[in-house]
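The values are calculated or read from the model by the stated rules, or taken from the named source; none is laboratory data. Note that the structure is predicted; figures quoted are calculated from it, not measured. Cβ coordinates were reconstructed from backbone atoms using ideal geometry, including for glycine residues, and neighbour counts include every protein chain displayed.
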Amino acid sequence: MEDLLGLDVVQGSRLALANSVENGLPVSALDRLAAEVSPGDAGFKFRLIPKATLERRRKAAKKLLSREESDRLARVAKVFAMAENVFGSAENARDFLTRPHMMLDNKLPLDVALATGPGADAVSNILGRAAYGGAV
């Protein structure tokens, strides 16, 4: 997950990641994640952070996202990393995340994960079931 965000975090240290999110992830983390999750879709970033807000962040001296924006970004990175692990490739992960899923009321898993923390948990639950041979 840290690799998706371009972070130099001690492997396996969720506290270090939590601290990075709390202090604000760099704008470059958004660029990196967008390139992995939705390559070729220039508008994907704006589903995470409004365009005007992102432009302000890019112009700021520190070029950091807010805590809330960073949390949303980390949430999507976690779901994408889990999907990539379960399905074996970034391409298969993108395929899963961008197809309606019956266990999510036929919503796209990516949309559900983007919307709220509990939505991301629901997608993670489906991925956990898939990883261990459950019905999905």
- [ ] Determine whether segment 49-58 contains at least one residue that is touching a Leu at 6+ places or on another chain (Cβ under 7 Å), in a helix (DSSP H, G or I) and over 22 Å from Gly128 (Cβ atoms).
- [x] yes
If we ask which residues in segment 99-113 are within 24 Å of Lys45 (Cα to Cα) and out of contact with any helix residue (DSSP H, G or I) (no Cβ under 6 Å at 6 or more places or on another chain), their number turns out to be 6
(Q) Any residue that is crowded, with 19+ Cβ neighbours inside 10 Å and either at pLDDT below 95 or of a type outside the set (Ser, Thr, Tyr) (or both) - is there at least one of those in segment 11-18? (A) yes
(Q) Residues that are in contact with a Phe, Trp or Tyr (Cβ under 9 Å, 6 or more places away or on another chain), small (Gly, Ala, Ser), closer than 22 Å to Leu7 by Cβ and surrounded by 19 or more Cβ atoms within 10 Å (Cβ to Cβ): does segment 118-129 have at least one? (A) no
For Gly134, the lone unmet condition from (1) more than 24 Å from Leu7 (Cβ to Cβ); (2) at pLDDT 95 or above is (2)
If we keep only residues of segment 58-86 that are free of Cβ contacts under 8 Å to residues at least 40 places away in the same chain and over 15 Å from Leu5 (Cβ atoms), then the residue surrounded by the fewest Cβ atoms within 10 Å (Cβ to Cβ) is Ala61
When you look at Ala122, is it in contact (Cβ under 8 Å) with a residue 24 or more places away in the chain and either over 24 Å from Asp31 (Cβ atoms) or not hydroxyl-bearing (Ser, Thr, Tyr) (or both), yes or no? no
Considering residues that are surrounded by 20 or more Cβ atoms within 10 Å (Cβ to Cβ) and more than 14 Å from Lys62 (Cα to Cα), the number found within segment 19-35 is 4
Query - Test: residue in segment 83-92 that is among the aromatic types (Phe, Trp, Tyr), touching an Asp or Glu at 6+ places or on another chain (Cβ under 9 Å) and in a helix (DSSP H, G or I) - result: yes
